[in-house]
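Please read the structure below before turning to the comments.
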Amino acid sequence: MTPLAAIPDGLLLSVTVFWPLAVVVGLLVLEFFSSPRLSDRIWRAAAFAASLVGFGLTLEVWARFDPTVGGMQLVQRTSWIEGYGINYYLGIDGISLFLVVLTGFLLPIVLLACWNDVVKRTKQFVFFMLALQTGMLGAFVSLNLFLFYVFWEVMLIPMYFLIGIWGGPRRIYATIKFFIYTMVGSLLMLVGIIVLVYMHRAEFNVLTLDYIGFAGAPGIADTTVRMSGDVWWKTQTWLFAAFALAFAIKVPMFPFHTWLPDAHVEAPTPASAILAGILLKLGTYGFVRFALPLFPAAALEYAPVMITLAVIGIVYGACVAMVQGDVKKLVAYSSVSHLGFVMLGLFAFNLTGIEGSLLQMVNHGISTGALFILVGMIYERRHTREISDFGGIAHVMPVFATFFLITTMSSIGLPALNGFVGEFLILVGVFEHYPWAAVCATSGVILGAVYMLWMVRRVFFGPIVHEANRKLLDLSLREKLVASALVVPMIWIGVYPSTFLRPMDASVRTLLATIEARGGETGSRLALVQALPEEPPVPEALPESGEPAQLDRLDRLDEESGE
Amino acid sequence: MMPNLDLSAISPMIFVAVGAILLPLLEVLLARMIERRRSWLGRTVNREMASTAIVIFTVLLLVLALLRTVGTFDLPVAHFNLDHPMIAVDQLTRFLNAVLLISAILTVLVSSRYLADIGMDHGEFYALLLASLLGMMLLGAATDLIMLFLALELMSIPIYALAGFQRSSLKSNESALKYFIIGSFASALLLYGCALLYGATGTVELAEIARGFDPENPLTLLGAALVLVGFAFKIASVPFHQWAPDVYEGAPTTVTGFMATAVKVAAFGALIRVVAVGLQPGAEIMYGVFWWLAVLSMTVGNVMAIIQQNTKRMLAYSSVAHGGYMLVGICVGTQSGYAGLLFYLLVYTFMTIGAFTVLAILTRDGREVSRIDDLAGLHETHPFAAIVMTLCMFSLAGIPPLAGFWGKWYLLTGAVERATAIGDTSLIVLAVVLVMNSAISLAYYLRLPVVMYMREARGADRPDATAGALQTTVLWVCALAIVLIGVVPGDFLILFGDYDLIASARVAASAVSP
């Protein structure tokens, strides 16, 4: 029994979300009243301890999560603003569960990784990191559209300061670009949300912003949205466009990706890791949670467009990554490529594809987060990220080289590591409906291996050409801890993904059922969904005792790749 | 025959009027006492104490007026003179008066120290301010074209004088003169419009004008158009906005804050009444006019603000843009639309006064912090001012969960509600223009936090700031209002009774809505 078990179910999500903010506000109050001022060290230590507790809280959420239920769990709902349908409404399901756990997992690691790096204005740094955490967790568990929008926007502010204050030379340009890009999309979504609210009111005669109706009441998700036969801005196509733009910018999908390399390169290491690890997932999460179930007919109609963009993103991101001289920029472009895979899986509209995508979100969070942290470690030693400034690092930093190599392998999808499982499931899912897309995307996997391995060769192997590299110290104990903590889930997911896939099943099935039902109402491209093969029934027992079909497929897969 | 007067209906206005009349006398009296040093009082009182006394007196009157206004909010509509109901004290009037009084109180609190800093600490400042405030309060209450014009002039003329209050400054003089000429021009247009409306309908009462309004009659239409142009000048709506940046830049900072908020509140209040009551039959024709005014104001205001280097000019263009947002409420023309507009006026007052207060605090020895870049490193020299400025900027940009977001939210929901009800695409386009403009506005609102937090202060130029206690209070009030209205707009001011701001705005709007 941990003390966390004492928190009632109805409050657990609230506590998890607001814990980081509460800690940081507490610190501010302490700072205000204490004399002399608290030292930076106390702030850092308190933040780290708080982030560990925060991780514990997310694990507690996982422990209480019932994988057999497809709907929302641990629900909490109270009225926020009377009479306007704006409620404080939280809940979690299999889709958001692991994103929450990932968010909780990354923060302590990131804080530990940058323990000595952030020397300037540490207190403000800690404040923004923890505030950011609250924003991200809140966005993942909000079930009221208004609440979601608030969290979605609130996240931008800490990130804006993190990049702008602690970033590189072009930080101000990067941070403003990041902010404005994201805002443009989300503001259009705001109009879309309000249109939906009034359409919902016209249909059900209640004014509410609850996405999923509470206790049988109709929610926004139940609103009938037609494909045609209404004013154009009430049709699925345009509302889908408004939502999709907001999420596509955040992901970022191909033509909207230009803010990402700037933001990543200029951001300080911890901000890059969080940005790549979690912030980007909000875009893909938004697609699964809102855009697809709300506007399934439009999503099906425009799936070829989205898939084409995703494939372009995969190949284009990989090609651009290949020619980068800056390691961080290379990793940033690899993100564009990897998130293309996630989008691909989502628009496959089947269990395999969507679960693969959800898993790949977690994978990308861990692998790319780890890459940014590792790049940060070498940057702190050499103050450069140019590939040409390195060479032969493996001779002087063997432990670092090992961790980097494992992470690289995970990123490019080597079997038995996490990236492989996700990418494979996505490709299988997509192949079912869009074989051409799967074929093109596979080339992205190959290109991924090319640019990553090429970079690793140039950085780590060969002779040491720069004298400065000869005196580099290998990882300290703190850094080893950070790197090991990141490698554990990579191997875990790679070897036994069922731990993570099984809890998603019920929720993803519910999602697909919703898409089918709502897509059916509008009668457009129904055939695609109905053509889905009959999925096996939801296993009643927990994964350990059952013999899930998914696992069989994966086992076969491992055998094949082993040959 | 005794006229049938009801003084209690206009008691807040009486407080203000008494202040406006008594303050110059009080000033002279105190000055003479200090000069002659005859009595005991004259020997002990010095100039600083005298000016403090004037400030306390002014604030006391204003607070009394505010309490009276808020306390009588729920009462039914009252008229000063039932035989000739030129002003109506209804919920709309009371809501507007409350906002105006808040703006005035905050301005007075900031000004005492600011005036000393620019070497202009004279009591007539407060007298002028109160006189103008009286005009504003009457303007929102006017139900009659004569009263409307009188109130408008009573509001404007003291403001011209206030804009030029910094006599030694060339810019302040220029500002006053420019404002005076353009303002008179606008008043003349408005008056001409009133005359035409009177000619066409044979009455000056708004309700009667509505009855006699004939959309086919060119005289009526011309009259209505001229009245609207007059208002468009006052609210600095594009294309009648050119005066705003120069006037805002030249006027003393606290006056600019007052101009940017109170004048807008009063003018919009009167505009709501004129449009919703007097010109109601012409709503369809006016819709197009307001639609374009709104779109142009938002877009031109925001785009021009991006290229400004001077903080006050930037805020001037930003205020033009916010005028455009508020015009969306007029376009919508329903209770929700007006309620959104009224709520916006309230939150806009806090955000704008907060920003100008920070600028006022940074003024030292008459030297203003004019360029945006001069704010570099403010987070070190005056962290609290930097935080408040940042909150104001994010709130003006409409980022949740701050107050400014709620303002935009209600305007947007009002527009979309109406659009879905009547299936009107142009309102949706307006909503999209509004949100896109919010995104454009980020380009300049984000610059201030960038300068304050992300640039280092430059040696001797670093902003020096030591705020007086009253100024710090104003900063706290604005910051708390921005955050609290943002987090609990329904239960704001719960400490002072159950004031639901949004519901209040709706009640206020219901006073004139069809």
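The values are calculated or read from the model by the stated rules, or taken from the named source; none is laboratory data. Since we're looking at a predicted model, the values are computed, not measured. Ideal geometry is used to build each Cβ from the backbone, glycine not excepted, and the neighbour counts take in all protein chains shown. For the accessible areas, the whole protein counts, side chains as well, though only heavy atoms, and no ligand, DNA or RNA atoms are used. Shrake-Rupley method; radii C 1.70, N 1.55, O 1.52, S 1.80 Å.
A few remarks follow.
- Selection count, segment A:448-470, where residues are part of a helix (DSSP H, G or I) and open to solvent by 40 Å² or more (accessible area, probe 1.4 Å): 8
- Against the conditions (1) crowded, with 24+ Cβ neighbours inside 10 Å; (2) modelled with pLDDT under 90, B:D461 satisfies every one except (1).
- Scope segment A:383-397; condition open to solvent by 30 Å² or more (accessible area, probe 1.4 Å) and either in contact with a Leu (Cβ under 7 Å, 6 or more places away or on another chain) or modelled with pLDDT of 90 or more (or both); matching residues: A:V396
- Within segment B:274-303, the set of residues being out of contact with any helix residue (DSSP H, G or I) (no Cβ under 6 Å at 6 or more places or on another chain), closer than 30 Å to B:A443 by Cβ, of a type outside the set (V, I, T) and open to solvent by less than 50 Å² (accessible area, probe 1.4 Å) comprises just one member, B:G288.
- Within segment B:413-432, tally of residues that are hydrophobic (A, V, I, L, M, F, W, C) and in contact (Cβ under 8 Å) with a residue 40 or more places away in the chain: 4
- Failed item, numbered, when A:V529 is tested on (1) touching a Leu at 6+ places or on another chain (Cβ under 8 Å); (2) buried (at least 17 other Cβ atoms within 10 Å of the Cβ); (3) at pLDDT 90 or above: (3)
- Candidate set from segment A:1-55 (those that are hydroxyl-bearing (S, T, Y) and under 23 Å from A:L106 (Cα atoms)); member that is most open to solvent (accessible area, probe 1.4 Å): A:T2
- Enumeration of residues in segment B:431-446 that are within 7 Å of another protein chain (Cβ to nearest Cβ), open to solvent by less than 10 Å² (accessible area, probe 1.4 Å) and of a type in the set (A, V, I, L, M): B:A431, B:V435, B:A439, B:L442, B:L446
- A:V61 meets all of the listed conditions (1) open to solvent by less than 10 Å² (accessible area, probe 1.4 Å); (2) within 14 Å of chain B (Cβ to nearest Cβ); (3) over 17 Å from the mean Cα position of the chain (by Cα) but one, namely (2).
- If only residues of segment A:176-206 that are in contact (Cβ under 8 Å) with a residue 24 or more places away in the chain and open to solvent by 30 Å² or more (accessible area, probe 1.4 Å) are counted, the one that is farthest from the other protein chains (Cβ to nearest Cβ) is A:V206.
- Restricting B:V416, B:V369, B:V388 to those that are within 22 Å of the chain's Cα centre (by Cα) and either hydrophobic (A, V, I, L, M, F, W, C) or under 21 Å from A:I86 (Cβ atoms) (or both) reduces the list to B:V388.
- Some residue of segment A:214-231 being within 12 Å of another protein chain (Cβ to nearest Cβ), at pLDDT below 85 and either open to solvent by 20 Å² or more (accessible area, probe 1.4 Å) or in a helix (DSSP H, G or I) (or both): yes
- If you check B:I428, B:I399 for being within 10 Å of chain A (Cβ to nearest Cβ), of a type in the set (A, V, I, L, M), farther than 24 Å from A:F32 by Cβ and not in a helix (DSSP H, G or I), only one passes: B:I399.
- Among the criteria (1) under 17 Å from A:N87 (Cβ atoms); (2) crowded, with 23+ Cβ neighbours inside 10 Å, the one A:L132 does not fulfil is (1).
- Once segment A:258-295 is narrowed to residues that are outside any helix (DSSP H, G or I) and open to solvent by 10 Å² or more (accessible area, probe 1.4 Å), the residue that is farthest from A:F372 (Cα to Cα) is A:T258.
- Matching residues, segment B:410-420, being open to solvent by 10 Å² or more (accessible area, probe 1.4 Å), of a type outside the set (D, E) and within 8 Å of another protein chain (Cβ to nearest Cβ): B:T413, B:T420
- Any pair with Cβ under 6 angstrom, 6 or more apart, that starts in segment A:12-30 at a residue that is within 14 Å of A:Y88 (Cβ to Cβ) and assigned to a helix (DSSP H, G or I) and ends at one that is at pLDDT below 90 and not polar (S, T, N, Q): A:L13/A:L74; A:V15/A:I7
Condition check ((1) buried (at least 19 other Cβ atoms within 10 Å of the Cβ); (2) part of a helix (DSSP H, G or I); (3) over 20 Å from the mean Cα position of the chain (by Cα)) across all residues:
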position: B:T203; (1), (2), (3): no, no, yes
position: B:I209; (1), (2), (3): yes, yes, yes
position: B:P215; (1), (2), (3): no, no, yes
position: B:L219; (1), (2), (3): no, yes, yes
position: B:A224; (1), (2), (3): yes, yes, yes
position: B:V227; (1), (2), (3): yes, yes, no
position: B:F231; (1), (2), (3): yes, yes, no
position: B:S237; (1), (2), (3): yes, no, no
position: B:H241; (1), (2), (3): yes, no, no
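- The set of residues in segment B:146-174 that are acidic (D, E) and touching a residue at least 40 places away in the same chain (Cβ under 8 Å) contains only B:E174.
- Residue match in segment A:127-142 (condition: touching a strand residue (DSSP E or B) at 6+ places or on another chain (Cβ under 7 Å) and within 11 Å of chain B (Cβ to nearest Cβ)): no
- Set B:G340, B:G323, B:G354, B:G377: member being open to solvent by less than 10 Å² (accessible area, probe 1.4 Å) and touching a Phe, Trp or Tyr at 6+ places or on another chain (Cβ under 6 Å): B:G340
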